[in-house]
Amino acid sequence: MPQTIAVLDFGSQYTQVIARRIRECQVYSKIYHFSTPAERLRADGVIGIVLSGGPSSVFSANAPIPDPKIFEIGVPVLGICYGLQLMGHMLGGKVSRGERREYGHGTLTVHRRGRLFAGLPRKLRVWNSHGDKLMKLPPGFTTIGRTENSPFAVIENYRKGFYGIQFHPEVFHTERGIEVLLNFLAGVCRARQDWTTKDFIEHAVGEIREAVGSSRVILGLSGGVDSSVAAALIHRAIGSQLTCVFVDNGLLRKDERATVESLYKRHFKIDLRVVDSSALFLRMLKGVEEPEKKRKIIGKTFIEVFEKSLKKIGRADFLAQGTLYPDIIESVAIGDNPAALIKSHHNVGGLPARMKLKLLEPLRELFKDEVRRVGSALGLPREVVWRQPFPGPGLGVRVIGPITESNLEILRSADAILQEEMMSSGWYWKVWQSFCVFLPVKSVGVVGDERNYAYVIALRIVESTDAMTADWTRLPYDLLQKISGRITNEVRGVSRVVFDVSSKPPATIEWE
Ligand code: XMP
């Protein structure tokens, strides 16, 4: 086992962010349910414990309270927000009910830097989000920092290595918060800081082997970053026990299927089954124009095709998915947390339960940039690891109006030109997404001396960090000119190219 920091989860929306920040400090961390017995933590050999924040009050009847023996294991403990209040409450201090919530930025004044604030300024802007606060220190503790509203914003029991902080060091809004965490890890827990992406892979490989045993695993490969990295990782762990299924729904980009086949079948030697269902999808979509209807048909047909192909492959026990942390809306039913649900965004909705498949999601604790690092370390090419997002319904939501083979072909050819130019100019890597949209509008043009009454292609190129908001990219005019010139000259059936200058909101990134 690597040196492990246990993060006890009290239902904070930031628990995964704490774990991620600890990984950023190159220390392995594992999230445990708040009620995990101290014995188990001791058996796992944890070198430190972090108590997460949470929405509860220590006074509520069903407040989440950890095993009191965690304070007797003999390892350092860092309580964050609710975690600090718990420490105060359980170790003999006094917490008082807050009359109003302290939420937002505050200024922390550090009286004594000690190990936790070594190398840091005495005043820091920190992020608060709490109702209750500590009003009397537990025996053995001293206070080393205060904010405007909390006299005991940072507390310390030096001898035991117990620290409590009222603010959130894990969030971006707290100035130098990661250094506070690092001081706890390296300075108090004596963590070695040697946990790397390579170690993550080795560890994940071990866990996958243990979970899967001699069973068989099926994975729906889309060619996107997440499923690609999951496939490469699982393949590294269990080799031929993994079968990947790639559904050609007829809504793929030019050469996409061939690229996926060459990478996974030939290069990685993964057992990859390509199911060509393009005719079926196009039949189901015939005459459908309404975007939501298109999406529903594509989703439903995908599940039917996937299910059928699983039956052909034979017995499998696991369905693997490249689910990432941001796909999981997490709010565990803890204490009186009203948002009491774990909702999993299953890419293949409903299927695992119906097929009695267990889920294997080796990336579920990672964030996108971490997944990219894992992908690179596994030897996936840059084109896969840094690929722009592509919607599940594919070109189906980029052909506006009815989806026909000829409209798809026009879109594919135009899009291939756009991608080529984006790649060769280097802009592909700088933007969030760049793609063409087929508009079922005819406009007049001239080719040679002839009138050309043909369709319109829109260029959609946006910058974004999370797809929640997006701005259209100010691409150089010369590049736009080149793209437009090539599309109108080389793609039959297009007479005009337009550039979409709408931001999100109010427009969405995709047109449908
Ligand atoms: P919108 O159009 O809502 O898109 O601004 C936001 C991001 O999500 C992608 N997108 C999808 N991804 N299935 C997906 O996996 C979908 O049905 C879907 N629709 C949109 C879109 O490409 C953009 O990155």
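The values are calculated or read from the model by the stated rules, or taken from the named source; none is laboratory data. Computed from a predicted model, the values in this text were never measured in an experiment. Note that each Cβ is placed from the backbone with ideal geometry, even for glycine, and that neighbours are counted across all protein chains shown. Remember, those area values only see protein heavy atoms, side chains included, never the ligands or the DNA or RNA. Shrake-Rupley method; radii C 1.70, N 1.55, O 1.52, S 1.80 Å.
Between helix 15-24 and the chain, what is the angle of the helix's C-alpha long axis to the longest principal axis, kept within 0 to 90° and rounded to the nearest 10?
Once rounded, the angle reads 90 degrees.
If you stretched the chain out fully between Phe59 and Lys358, how much longer would it get, using 0.36 nm times the residue separation minus the C-alpha to C-alpha distance?
So the chain would gain 103.8 nm between Phe59 and Lys358.
How much length is gained on full extension from Lys296 to Gln481, taking 0.36 nm per residue of separation minus their Cα-Cα distance?
In short, 62.9 nm is gained.
So, R0 is 56 Å and r is the distance between the beta-carbons of Glu490 and Tyr158; what FRET efficiency does that work out to, to 0.05? Present the calculation step by step, with values, prior to reporting the outcome.
Values: r = 72 Å, r/R0 = 1.28.
Using R0 = 56 Å, I get an efficiency of 0.20.
Report the local net charge at Cys81: Lys and Arg +1, Asp and Glu -1, summed over other residues whose C-beta lies under 11 Å from its C-beta.
-2
From a point 7 Å beyond the Cα of Asp199 in the direction of its Cβ, which residues of region 64-79 have a backbone N at a distance under 18 Å?
Backbone N within reach: 76.
Please work out the FRET efficiency for the pair Glu207 and Asp449, using the Cβ-Cβ distance as r and a Förster radius of 60 Å; give the result to the nearest 0.05.
Working: r = 68 Å, r/R0 = 1.13.
Plugging the Cβ-Cβ distance into 1/(1 + (r/R0)^6) gives 0.30.
Hey, can you rank 78-91, 256-269, 96-109 by average C-beta count inside 10 Å, highest first?
78-91, 256-269, 96-109
Out of all Cα-Cα pairs in region 404-499, roughly what percent, to the nearest whole number, are more than 17 Å apart? Each step should come with its number before you reach the end.
On the way: 2257 of 4560 pairs.
Result: 49 percent of Cα pairs exceed 17 Å.
If the chain between Asp317 and Ser215 were fully stretched, how many nm would it gain, using 0.36 nm times the residue separation less the Cα-Cα distance? Mind dumping the intermediate values first?
Details: separation 102, 0.36 × 102 = 36.72 nm, distance 0.61 nm.
Length gained, Asp317 through Ser215: 36.1 nm.
Cβ neighbours within 10 Å, averaged per peptide: list 450-459, 366-375 in order, most packed at the top.
Values: 450-459: 17.1, 366-375: 19.0.
Ranked by mean Cβ neighbours within 10 Å, highest first: 366-375, 450-459.
Distance in nm between label sites at Thr107 and Gln13, each 7 Å beyond Cα in the beta-carbon direction?
For the pair Thr107/Gln13, the computed spacing is 2.8 nm.
Efficiency by 1/(1 + (r/R0)^6): what FRET value for His173 and Arg97, r their Cβ-Cβ distance, R0 = 25 Å, to the nearest 0.05?
Efficiency at R0 = 25 Å is approximately 0.50.
Determine the per residue accessible area of the chain with all protein chains present and a 1.4 angstrom probe, expressed in square angstrom.
46
How big, in percent, is the set of alpha carbon pairs in region 1-93 lying more than 22 Å apart? List each step's numbers first, then the result.
Numbers: 899 of 4278 pairs.
Value for region 1-93: 21 percent of Cα pairs lie more than 22 Å apart.
Have a look at the DSSP beta bridges in region 4-188 and tell me what percent are antiparallel, nearest 5.
Given both bridge residues lie in region 4-188, the antiparallel proportion sits at roughly 55 percent.
Report, please, the projected area of the chain averaged over directions, based on the convex hull of its C-alpha atoms, in nm². Mind showing how you got there, number by number?
Numbers: hull surface 107.5 nm².
Its Cα hull, projected and averaged over all orientations, spans 26.9 nm².
Identify all lysines with a Cα-Cα distance to Lys356 below 25 Å; exclude those on the same chain that are fewer than 8 residues away in sequence.
Within reach: Lys296, Lys300, Lys308, Lys311, Lys312, Lys343.
Based solely on its DSSP helices, what 222 nm [θ] is calculated for the chain when runs of n ≥ 4 H residues each add -39,500 (n - 2.57) and the sum is averaged over all residues, nearest 500 deg cm²/dmol? Present the calculation step by step, with values, prior to reporting the outcome.
On the way: 14 runs with 150 residues, N = 512.
Helix-only estimate at 222 nm: -9000 deg cm²/dmol.
Starting from the 7 Å offset along Cα-to-Cβ, what nm value, one decimal, do you get for the label separation of Thr465 and Lys308?
For Thr465 paired with Lys308, the spin-label model returns 4.5 nm.
By the gyration tensor of its Cα atoms, with a ≥ b ≥ c the square roots of the eigenvalues, what is the shape of region 4-188: rounded for a/c under 1.5, prolate for a/b over b/c, or oblate?
In terms of gyration-tensor shape, rounded.
Angle between the Cα long axis of helix 291-313 and the longest principal axis of the chain, 0 to 90 degrees, nearest 10?
Rounded to the nearest ten degrees, it is 80.
I'd like to compare 472-481, 111-120, 129-138: which one has the highest average count of other Cβ atoms within 10 Å, and what's the full order after that?
Going from most to least packed, we get 129-138, 111-120, 472-481.
Points 7 angstrom from Cα along the Cβ direction at Glu383 and Glu289: gap in nanometres?
3.7
Going down the list Lys358/Lys504; Lys94/Lys123; Lys30/Lys358; Lys368/Lys442; Lys286/Lys482; Lys30/Lys293, which pairs span over 30 Å between their C-alpha atoms?
Listed pairs above 30 Å: Lys358/Lys504; Lys368/Lys442; Lys286/Lys482; Lys30/Lys293.
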